[in-house]
Structure formats: C-alpha cells, structure tokens
Ligand SMILES: [Mg+2]
C-alpha cells in the first residue's frame, strides 16, 4: 500500500465551506476480476476484450500487460503485437456488474452521496462523516480495506475538496494507493502534473496547449481569465476552476440515464441496405461503447428514422435479457430498420439507441423492475420522441 499525504495547511477563512470528496476507482477492474476468478491468470498479462481477428478493442488490461504498453481502447490486434503471450478473455459483464453492485453497496454504507461514473468508479461526498469527527484519509482507508476483504479487489482512492482534484489524486499512484490532498493544498498538488491529467483535457487539448507553451496544470492555472475564454470558449470558467483545484461541482447521487442513443443526418439521403447498414453499425458501436463506459445494460433497442420529406418515426423492440453487446444491438436495430426499407423510400437521418436501462449497483434484477415491459419481440411505435424533438 502506498500513501501520500501532502502536509496540511488549514485555511480557516475558507468560503464557501469545505467539502470532502473521495474518488474511488478499482484498479484494472475487468482484468482484476478475471484474475480473481481464474487463479491461473494471476501474475499473467490479461487482456479483456474482443478478439484480435474481429477488430475487437481492449476493454481492460492487467498491470502485467500494461508494462508492454498496452492500454484500454487499443485495438486488440495492436495489443497482441505488443504482448504476444497475453491471455485474451472475453468480457463477462454480468460478473463485473455483480462485483460492482457489492462495491457500490460498500460506498453507500459510508455516505448516501455516491455518484457512480461507471462500474468501477464513483465519487463519494463524505463531508458529513468528516464533520462528526473522522478524517477523509480514515474513511478512504476503511473503504479500501473493506473492498479488499469483501471482494479481493484493489481499489485506489483520492481524497480532496473537489471532484476533479480527487479524481487526479486517485489516479496518481495507482494501483492500490491512497492519495490525500488536504484543504488549501489543491493548487500546489496539481501544479507540477501534466495538463492532460485534468479531467476534460483530452489528447487534442493537450496538443493545442503544448503549442501555447503549456505543459503542466500549474502553467495552465497561471493564465488570465481572458486567455481561458479565448482557448476554451464556453468551458473557460470550468476549466480554469479545475486547473486551480477549485471546482465546485457537487456529487450527484442520482444520475440515472434514461436512454443512450446516437443519430446521424446524411449529407444526401440514403435508401439502400448497403448504404444504411454501415451507418447503423457505426451508431450502434457508439451506443454500445457508451453503455459499456457507464457500466449499464439495456433491454429495449430503439431506432429513429427520418424520411426525405422529414416524416420522423421510431421503432423499438424489447429483448428478453438486458445487454450492452454491440453485435446484439446492431442485429436487433438492423432488423427494425430493414422492415422500413422499400423502393423509392429515402432516409435523411437514422438513429439507434437503448432504453429500459439497468444501472450498476442498483441491486435489482431488471425483470423485477419492469412488470409492464412488452412481451418478447413486441414492436410498437413510441408515443413520445426518444431522441429529442421531432421537426
Ligand atoms: Mg478503474
């Protein structure tokens, strides 16, 4: 176990009141569950994901595999070139969800203010517990020990006064680490770190910041407000607050997404199966990745279609079991689209989506939740537009 505590320098003139937030993030979650359940994989490079032959991507890589430069979202074919002896495991999302549920339950015993970000990651607002006489470090250690004891998995935790600093902290010394940033130390803690560590600063932003001569969060934080406005536009205030370690985003315990969807408008209308199928496949890929990222599954597959005359309608079908499988989503969605194809009928927009979602850590079986779900295979028109307003 590694622990880093930055020396406390309490600033009692804090205004608004200090909040204490943890970001808890399991280490290489899917790969760690596979190593837990399959002792023969322990100590081995494990890649969870699709097959290298079918353009699969790495959903998770064990730390043994990461040493070879493999990371998640990398094409599996590239990953096996880096690490030829890796064990490739198909994801078992049911099992990951089960483990996630146990872990989220542990979090919820600490505070009601838990905001899951995905199956293996959550923010916890522990301000109230701290107020009655404990410390963020003690709470975080308690969580780490319980998760280890009750699930066998390692979890890293960052503790700070804001979500963004806590997230940077949890990532800093992974795996199996606790990093505490005391109130008042946020800016100094962030300053030496690369700008890309900050949430919301992706690889593209890192590149453009580099062109402005900015490499570290400290250099970023030193810029004047009008510079942020020029570089980040609408996001200026929030990026600046995060760079200074002062963001005030609250932990939002209910973030229940109702549906996940993607749609595209064509530059010229499409009518053939040959043209429409790859578009739908791309959209289904986006939806499936988004579901996977959020750690949720859905039972109802939706498609949205807009004809060249702007007539817009949706079709949906409810599956027997919840899924986040891209293949199943595409197969089902294509079944719905295919029925709508006819000679002379051209489409200017298609969309694909998933609803009747099952969230991580809900602790219920989805069929207990939906007594009124339409029978298997039932297709009906939606009474309301699922994808926003119709024209
Ligand atoms: Mg993680």
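The values are calculated or read from the model by the stated rules, or taken from the named source; none is laboratory data. Predicted, not measured: the structure shown is a model, and the values here were computed from it. Neighbour counts run over all protein chains shown; Cβ positions are idealised from the backbone, glycine included.
Please specify each residue of the stretch 119-131 satisfying the condition of being within 14 Å of the ligand (Cβ to nearest atom) and either part of a loop (DSSP other than H, G, I, E, B) or without any contact (Cβ under 8 Å) to a residue 12 or more places away in the chain (or both).
If the condition is that a residue be within 14 Å of the ligand (Cβ to nearest atom) and either part of a loop (DSSP other than H, G, I, E, B) or without any contact (Cβ under 8 Å) to a residue 12 or more places away in the chain (or both), then 119, 120 are the ones that fit.
In this structure, does residue 116 turn out to be in a strand (DSSP E or B) and modelled with pLDDT under 95?
Taking the combined requirement at face value, the residue satisfies it.
Do the conditions hold for residue 72, that is, is it free of Cβ contacts under 8 Å to residues at least 60 places away in the same chain, assigned by TED's automatic domain parsing to the domain that holds residue 33, under 16 Å from residue 25 (Cβ atoms) and surrounded by 15 or more Cβ atoms within 10 Å (Cβ to Cβ)?
Yes, satisfied.
Quick check: is even one residue across the stretch 258-274 under 21 Å from the mean Cα position of the chain (by Cα), assigned to a loop (DSSP other than H, G, I, E, B) and modelled with pLDDT under 90?
yes
Considering only strands (runs of 3 or more DSSP E) fully contained in the stretch 288-391, which possess at least 3 residues that are modelled with pLDDT of 75 or more, surrounded by fewer than 21 Cβ atoms within 10 Å (Cβ to Cβ) and not assigned by TED's automatic domain parsing to the domain that holds residue 49?
Answer list for the stretch 288-391: 312-323, 347-358.
Here's the yes/no breakdown for (1) within 16 Å of the ligand (Cβ to nearest atom); (2) in a loop (DSSP other than H, G, I, E, B); (3) touching a helix residue (DSSP H, G or I) at 6+ places or on another chain (Cβ under 7 Å); (4) under 21 Å from residue 25 (Cα atoms):
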residue: 133; (1), (2), (3), (4): no, yes, no, no
residue: 140; (1), (2), (3), (4): yes, no, no, yes
residue: 150; (1), (2), (3), (4): no, no, yes, yes
residue: 199; (1), (2), (3), (4): yes, yes, yes, yes
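From the list 28, 59, 86, pick out the single residue that is in contact with a helix residue (DSSP H, G or I) (Cβ under 8 Å, 6 or more places away or on another chain), closer than 15 Å to residue 154 by Cβ and not assigned by TED's automatic domain parsing to the domain that holds residue 295.
Matching residue, one of 28, 59, 86: 28.
Taking the residues in the stretch 101-113 that are in a helix (DSSP H, G or I) and touching a helix residue (DSSP H, G or I) at 6+ places or on another chain (Cβ under 8 Å) as candidates, determine which candidate is surrounded by the most Cβ atoms within 10 Å (Cβ to Cβ).
In this case the residue turns out to be 103.
Please note which strands (runs of 3 or more DSSP E) are completely contained in the stretch 19-64 and include at least 1 residues that are without any contact (Cβ under 8 Å) to a residue 24 or more places away in the chain and surrounded by 18 or more Cβ atoms within 10 Å (Cβ to Cβ).
Qualifying strands (runs of 3 or more DSSP E): 58-61.
Is one or more of the residues making up the stretch 309-317 closer than 19 Å to residue 57 by Cβ, in contact (Cβ under 8 Å) with a residue 60 or more places away in the chain and in contact with a strand residue (DSSP E or B) (Cβ under 6 Å, 6 or more places away or on another chain)?
no
Out of all the residues in the stretch 91-108, is one or more within 23 Å of residue 249 (Cα to Cα), within 15 Å of the ligand (Cβ to nearest atom), at pLDDT 90 or above and under 19 Å from the mean Cα position of the chain (by Cα)?
Yes, that holds for at least one residue.
What number of residues within the stretch 176-190 are surrounded by fewer than 17 Cβ atoms within 10 Å (Cβ to Cβ) and touching a strand residue (DSSP E or B) at 6+ places or on another chain (Cβ under 9 Å)?
Looking only at that region, the number is 1.
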